[in-house]
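Take a look at the structure below.
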Amino acid sequence: MSAASPRMYLEKLSLTNFKNYEDALFTFSHQVNVIVGPNGSGKTNLLDAIYFLALSKSAFQTIDALSVTHDEDFFILDGIFVKHDRPTQITISLQKGQRKVILADKKPYEKISEHIGRFPVVLMAPNDTDLVREHSEDRRQFVDGVLSQLDIDYLQDYLQYQYVLKQRNSLLKLFAERRQVDHDLLDTYDQPLLYIGQRIFDRRKRFVADFLPSVQAHYTYLSEGREAVDIVYDSDLNKLGFEDLFVQNRSRDVAMQRTTMGVHRDDFEFLIDGVALKRFGSQGQQKTFVIALKLAQFDLLLADKQTRPILLLDDIFDKLDDGRIAKLIERISDGTFGQLFITDARPERTQQFLANVPADVRFFRVEKTV
């Protein structure tokens, strides 16, 4: 890794009542940071705090209040990001029962969505293989998360679509209870849903086209070209005459009390040598594919932001064989990445892997405090 400072990094982080951290302060290396400690000591929680500070939400909890330390009623995260040699203080606080507050240099954003994408971050975690093995919702969330960091217009469309979808579903439930449908009222929800849905579909389609070559290149590098991978975008909007089909589907929507067609049902099928990775791929192939996905996410953010995203590697060495670890260490050594955070319950292992990496490597030991 080059000795030159990357263009963006997290210099300092303060945590108050965040998960198992009652009060903690860290000053990080701008290159490689290794978080060590026994299982359950809070290594992943520290990475999640970094993720939260960058993206205004937890990587692992859907409800913000679940990140507050047990028996406390608030948390505060405060950090200094340095980007293009300019420091910015980001503060996120949450009081239970109230909306979270995000400040940039002590000034609030007009909209929280303005913060998304300012400080790009990529997380690799042990449960990432759920992207392959589990439901379409996991894959949509991954794509939406990447696009939200890349494209503020997409994020606004996504939020608006979710809002209109929720309202339409509430209306369908009401119609089912009353056994009477107001088609004119449904029209007022269908029109924006179809318009915004088409925009989301078009952007996701372009995303897959841009994203796939990088995924394939990383997979080939990590697997030494043993097999070929592909991503197929499956959407209702691919169907001919989708808008007419959507309207014709109203009676089914009322019966189901939810909107049964649209981009909220999209899926992304992962293939290996032309067959479903979920069904026919080995654990090693699935893990390698997910790492290729995350490295491609890194590439796309770098190209768009002209800034290397912060890379968070949670317990990654436990999930890879020596050959794939060696390939990843090569990328760390050659300066591919900017600031890097690695967690490991076995510090001697990480020390061995990083012994010959030409970078400023800083170790932090954490102990369970709550």
| query | Among the lysines in the range 283-370, how many pairs, 8 or more places apart or on different chains, have alpha carbons under 20 Å apart? | reply | 6
| query | Tell me, what % of the accessible area of the chain is carbon and sulfur with a 1.4 angstrom probe? | reply | 47
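Rounded to two decimals, what ratio of Rg to Rh does the chain give with C-alpha atoms and a Kirkwood Rh?
On the way: Rg = 22.1 Å, Rh = 22.3 Å.
Across the chain, the Cα-based Rg/Rh ratio is 0.99.
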| field | Stretchable slack from Phe74 to Lys107, in nm (0.36 nm times residue separation minus alpha-carbon distance) | value | 9.9 nm
| task | Springs between alpha-carbon atoms under 10 Å, Gaussian network over the chain: tell me which of Val68, Val132, Val254 tops the mean-square fluctuations. | result | Val254
| task | Report, in order of residue number, the helices in the chain meeting two criteria: a C-alpha extent of 15 Å or more along the helix axis, and a mean Kyte-Doolittle hydropathy of at least 0.0; treat each whole DSSP H run as one helix. | result | 43-55, 283-305
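Find out how many positive minus negative residues lie around Ile112, taking Lys and Arg as positive, Asp and Glu as negative, among other residues whose Cβ is under 15 Å from that of Ile112. Working shown, then result.
Numbers: positive: Lys57, Arg99, Lys100, Lys107, Lys111, Arg118; negative: Asp64, Glu110, Glu114.
Residues near Ile112 contribute +3 overall.
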| note | Expressed per residue, the solvent accessible area of the range 11-117 in Å² (1.4 Å probe) is about 46
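How much FRET efficiency would the formula 1/(1 + (r/R0)^6) give for Ala228 and Asp267, where r is the Cβ-Cβ distance and R0 is 35 Å, rounded to 0.05? Provide the component values of the computation, followed by the final result.
On the way: r = 20 Å, r/R0 = 0.58.
Efficiency computed from Cβ-Cβ geometry: 0.95.
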| message | If you count only protein heavy atoms with a 1.4 Å probe, what accessible area per residue comes out for the range 134-305, rounded to a whole Å²? | response | 51
| said: Given the options Gln248, Ala359, Thr91, identify the residue whose Cα lies farthest towards the positive end of the charge dipole of the chain (+1 on Cβ of Lys, Arg; -1 on Cβ of Asp, Glu). | reply: Thr91
| message | Kirkwood Rh and Cα-based Rg: tell me the resulting Rg over Rh for the range 168-272, rounded to two decimals. | response | 1.16
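For the range 277-370, which GluC sites (Glu not before Pro) pass both filters: DSSP loop (anything but H, G, I, E, B) and at most 11 other C-beta atoms within 10 Å?
On the way: sites: Glu330, Glu348, Glu367; in loops: Glu367.
Hits after loop and neighbour filter: Glu367.
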| said: Amide H of Phe18 versus every other amide H placed in the peptide plane: which residues, excluding those fewer than 5 positions away on the same chain, fall under 5 Å? | reply: Thr69, Ile76
| request: Calculate, in nm to one decimal, what Arg279 and Thr88 gain on full extension: separation in residues at 0.36 nm each, minus their alpha carbon distance. | output: 64.2 nm
| message | If each DSSP helix of 4+ residues adds -39,500 (n - 2.57) and the sum is divided by the residues in the chain, what number results at 222 nm, nearest 500 deg cm²/dmol? | response | -14000 deg cm²/dmol
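Considering only DSSP beta bridges with both partners in the chain, what is the antiparallel share in %, to the nearest 5? Don't skip to the answer; put the middle values down first.
Working: 39 of 57 bridges.
Bridges in the chain that DSSP calls antiparallel: roughly 70 percent.
Tell me the trypsin sites (Lys or Arg not before Pro) within the range 98-171 that lie in a loop according to DSSP and have at most 15 other beta-carbon atoms within 10 Å. Spell out each step's value before the answer.
Details: sites: Arg99, Lys100, Lys106, Lys111, Arg118, Arg133, Arg139, Arg140, Lys166, Arg168; in loops: Arg99, Lys100, Lys106, Lys111, Arg118.
Taking the range 98-171 and a limit of 15 other Cβ atoms within 10 Å, the loop trypsin sites (Lys or Arg not before Pro) found are Arg99, Lys106, Lys111.
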| task | Tabulate in residue order the Karplus-calculated ³J(HN,Hα) for the range 224-232, using 6.51 cos²θ - 1.76 cosθ + 1.60 with θ = phi - 60°, rounded to whole Hz; enter x for Gly and Pro. | result | 6, x, 6, 8, 10, 10, 8, 10, 10
| note | Rounded to whole angstrom, the alpha-carbon centroid of the range 190-219 lies from that of the range 293-370 at a distance of 28
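The values are calculated or read from the model by the stated rules, or taken from the named source; none is laboratory data. In this text the structure is predicted, and so the values were computed from the model without any measurement. Cβ coordinates were reconstructed from backbone atoms using ideal geometry, including for glycine residues, and neighbour counts include every protein chain displayed. Protein only, heavy atoms only, side chains kept; ligands, DNA and RNA dropped before computing areas. Shrake-Rupley method; radii C 1.70, N 1.55, O 1.52, S 1.80 Å.
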